[in-house]
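Working notes, structure below.
The values are calculated or read from the model by the stated rules, or taken from the named source; none is laboratory data. Only a predicted model underlies this, so the values are computations on that prediction, with no experimental measurement involved. As a convention, Cβ positions derive from the backbone with ideal geometry for all residues, glycine included, and neighbour counts pool all protein chains shown. Areas reflect the complete protein model, heavy atoms only, side chains present, ligands, DNA and RNA absent. Shrake-Rupley method; radii C 1.70, N 1.55, O 1.52, S 1.80 Å.
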Amino acid sequence: MTTHPPLSSLSPHSSMRPLKRTRKPVSHLTSRQSSSTDISDHPSYLPSGTSPIQTDLPSEVHKIGERKKGSSAIQGKGRKSPHVTICSLPDNVLLDIFEFCLPDPGELRVRTWPMLVHVCQSWRYIVFASPLRLDLRLLCKNRTPVRKMLDIWPPLQIQIQSFYVGPQHGDDIIAALEHPNRVRSISLGRIQIPLERLVAVMQEPFPELESLSLQMYRPGKTVPVLPNTFLGGSAPRLRSLDLRHISFPTLPRLLLSSPDLVDLTLYWIPQNGYISPEAMATSVSALTSLTKLSIGFKSPTSRPDPITRPPPPLTRTVLPALIDFCFRGVSEYLEDLVAQIDAPLLHTVRITFSNQLVFDIPQLSRFIHHAPALMSYNKANIDTYANNVVMTFSSMSITGVLIFDISCGVDWQISSVAQICNQLPFIQSSITRLKLNVSGLMSQVEMDDERWLDLFQPFIAVQTLQILDAQSLVVSALRGLSGELAMQVLPALEKLHVSERHEHQYWMWPFVIARQHSDHPVVVLRGGM
């Protein structure tokens, strides 16, 4: 057995280079008592909420160690392999086994790794000697006795996590934040304590911070503002930032210090946290690793000043890694933002417009046109509801989706959809399947037939149409079409899917009859596509 120095001599940064995992971690673990060397009778060595015996991780390590050692034992004809115990394995082999058995980095690993150090003194030394390679962290939650826990454990990195921060939890969270050089991750939701209390202990740099998520709970009319000294104005290792219901006007300065940011979410931005499209575009222009960008405003009045709006730039910044983009606000802001950026790998877009009747989106159309995946969608679903209408574009062969969610009354839903569809560059050439679910309009509004014809106008490549619910609204629009006019609406249509109880209505349409006598007949089918 290897002789180890005392644990007090270990440095939290003395570790081997991390190895890439090649297999899934062992997850089918069962409870079992430890061996005679177990020190689990010292619960003070465990983080709060962690039981000394939660899984059979030590036994799994033992089994893998036996297989690893036995597979390399010399075996000859008529000679048995020598019996080998887990204690005879060298430290580097045990470390490989530990890394293999531990779950992927996250809360499960934070709760699992303490099992290893409660087996024996030797294992404890091996684990604590490589905290970075094993990604050892101390989990601090809203009911964790943080000060006591930090006094017991070695100076490992800290993960602060709480889905609810009530008035009675502030002291524990703040106690963890008082160690900025060790904090690796912060995730605080439904914050009900004054944000100023947290900000007061977050004025200096957090050099190890990789993930930050803060969400205020019902902040009211007065939303606290993060100062420009937040995090010391710098977060060089930050990879994920999620702020909700929080005002941070000087955020662009912080983003310029975080070149490795991968995920940026700014949602429910209050009016006093407004950031101009130009400043936002400049901030993300240096984030070459950014894969997900979400921006959402709390108020529809958060829009650019029409007097000072600049013309579209001649050159645009390319975000080479961006694949997911989400926006909530007014089209004027979105237009000014996407006019300055391109994202060629983009395949998922979610856009929510609120209380808007006129849509002029030439820059968004150009932005979509420069993303090949978005131009390849061939399916469109239009679903109406009482207070909004949702358009979903997708494809069976491409990962991703393009969604427009428009908040408006039933009187303007079809008109809003038609305005947007007539400006999207891929609809005329790519959309071959269209599904209409207009149940939200049933018996609520008399719809002008011209609105439906405006909606159908860009769908010249649609071959299959399915109509669900309230079909009489669409029937009314198509009933009067005959002759050449019937050929101009949905000219490529081949199949019309309807429900069984409405089937008899469609054979009587002049539209269907006119198409049956042309070179482009329509087949009426019962049921879904």
Exercise for the section: Among the numbered conditions (1) modelled with pLDDT of 85 or more; (2) open to solvent by 20 Å² or more (accessible area, probe 1.4 Å), tell me where ILE97 comes up short. Expected result: (2)
Exercise for the section: Taking PHE327 as the residue in question, decide whether it is more than 21 Å from PRO372 (Cα to Cα), open to solvent by less than 10 Å² (accessible area, probe 1.4 Å) and in a strand (DSSP E or B). Expected result: no
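Rundown of residues vs (1) surrounded by 15 or more Cβ atoms within 10 Å (Cβ to Cβ); (2) touching a strand residue (DSSP E or B) at 6+ places or on another chain (Cβ under 9 Å); (3) in a helix (DSSP H, G or I); (4) modelled with pLDDT of 95 or more, yes/no style:
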{"residue": "LEU287", "(1), (2), (3), (4)": "yes, yes, no, yes"}
{"residue": "LEU290", "(1), (2), (3), (4)": "yes, yes, no, yes"}
{"residue": "ILE295", "(1), (2), (3), (4)": "yes, yes, no, yes"}
{"residue": "SER299", "(1), (2), (3), (4)": "no, yes, no, no"}
{"residue": "PRO304", "(1), (2), (3), (4)": "yes, no, no, no"}
{"residue": "PRO311", "(1), (2), (3), (4)": "no, no, no, no"}
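Could you check how many residues of the stretch 347-395 are among the β-branched types (Val, Ile, Thr) and touching a Lys or Arg at 6+ places or on another chain (Cβ under 6 Å)?
1
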Handout entry: Total residues in the stretch 197-221, condition open to solvent by 10 Å² or more (accessible area, probe 1.4 Å), under 25 Å from PRO236 (Cβ atoms) and not in a loop (DSSP other than H, G, I, E, B)
Key = 5
Fill in the blank from the handout: Residues of the stretch 358-399 being assigned to a strand (DSSP E or B), open to solvent by 10 Å² or more (accessible area, probe 1.4 Å) and not β-branched (Val, Ile, Thr), in sequence order, are LYS379, ASN381, ASP383, ASN388, SER394
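If a residue must be open to solvent by 30 Å² or more (accessible area, probe 1.4 Å) and either in a strand (DSSP E or B) or closer than 14 Å to LEU94 by Cα (or both), how many such residues does the stretch 121-136 contain?
2
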Practice task
Spot the failing condition for ARG147; the list is (1) in a helix (DSSP H, G or I); (2) basic (Lys, Arg); (3) under 22 Å from SER234 (Cα atoms), and only one is missed.
Solution key: (3)
Problem - Subset tally (residues that are open to solvent by less than 10 Å² (accessible area, probe 1.4 Å), more than 15 Å from LEU402 (Cα to Cα) and outside any strand (DSSP E or B)) for the stretch 335-357 - result: 3
Exercise for the section: Evaluate the stretch 232-240: report whether one residue or more is farther than 16 Å from ILE173 by Cβ, touching a Phe, Trp or Tyr at 6+ places or on another chain (Cβ under 9 Å), assigned to a strand (DSSP E or B) and open to solvent by less than 40 Å² (accessible area, probe 1.4 Å). Expected result: no
Exercise for the section: Could you check, for the stretch 272-281, whether at least one of its residues is open to solvent by 50 Å² or more (accessible area, probe 1.4 Å), at pLDDT below 95 and within 30 Å of GLN192 (Cα to Cα)? Expected result: yes
